[in-house]
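Since the structure comes first, as structure tokens, the remarks are kept for the end.
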Amino acid sequence: MTGDPSDDMPDDVLDPGPGRGRADAERTCIVTRVAQNPRRLIRFVLSPDNMVVPDLRAKLPGRGAWVTVSRATVETAVKRKLFLRAFKSKDAKIAANLAEQIAAGLRADLRQSLSLANKAGCVVAGFAKVEAAIGDKAGVAGIVQASDGSADGRRKIAAALHRRYGDAISRVPVIDDLSSEELDMALGRDHVIHAALVAGVGSTGCLARWRRLRFFEGLATTADEAGATRPGRTDSDLHDGDQTDLPGAQRSAGSRDDGTPQGLD
């Protein structure tokens, strides 16, 4: 036995497939050999044409291999050909851009969950409404800002958060991974630069998917780690248009999007 944990891979590390076995039973990463809750890993299966594909929702049929939610870990699994060892198939095909496929899928999941949160009444958009939501007694569950929005707008939102939460500002997640075009797509509006998540299950699911994307990319998920304004983002002249304002959001709303199995605790 060598110092590489993957060399200790047992004969069968594949799960039995969806609907079989104990729900939420821990799965073992084929790279680190650490057993974790499946929500902290990504499942992979072999497609009918023998291609290794990511199963982000852990629902595809067939036996699956699991890898920790991390770009670096996925790239290691590809480099060391650990998928071939796990699936016991020398003919299994692995896309060279597998990590990029996963990142794109996680971004799509984030956009979809933001859209669902919006439909559930958990999103307000437009600078003025976001600022008002921050100052409201109920507060906000998170802030959404376009990655290509103006630095001035981000500073003003950060100031409003600090006035409302003080040193507890680090508890407010700031989602700034999506462009204004992606926010437009998710919310069905034009020129969305600033939005806020208010309390509700839809917001919980959205934040869970955001954290999963951030963990995959090895990025910070709190203001303590990165700063509420996320310095280093592209500055532009983009600002909220008049069309971005949405009706006032409900302070609680029902939704079946709870982030499972996508989310992280």
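Suppose the chain between Leu219 and Ala25 were pulled fully straight at 0.36 nm per residue; how much longer would it get relative to their current alpha carbon spacing?
My answer for the length gained is 67.1 nm.
Applying 0.36 nm per residue to the separation of Asp190 and Lys119 and subtracting their alpha-carbon distance, the gain on full extension is 23.9 nm. Residues whose amide H comes within less than 5 Å of that of Asp136, counting only those at least five positions distant or on another chain, are absent (H built at 1.01 Å from N in the peptide plane). Note on region 1-131: semi-axes of the ellipsoid equivalent to its C-alpha gyration tensor, largest first and rounded to whole Å, are 32, 16, 15.
The modelled label-to-label distance for the pair Glu75/Arg171, using points 7 Å beyond Cα in the direction of Cβ, is 3.6 nm.
Projected label points at Ala138 and Lys90, each 7 Å from Cα along the beta carbon direction, are separated by 6.2 nanometres.
Taken one residue at a time, the phi angles of region 134-144 give Karplus couplings (6.51, -1.76, 1.60, θ = phi - 60°) of 4, x, 5, 4, 6, x, 10, 8, x, 10, 10 Hz. Gly and Pro are set to x.
The numbers here are math on the coordinates, done by the rules we state, and not lab data. Predicted model only: the values in this text are computed from it and were never measured. Please note: Cβ atoms are built from the backbone with ideal geometry, for glycine as well, and neighbour counts cover all protein chains shown.
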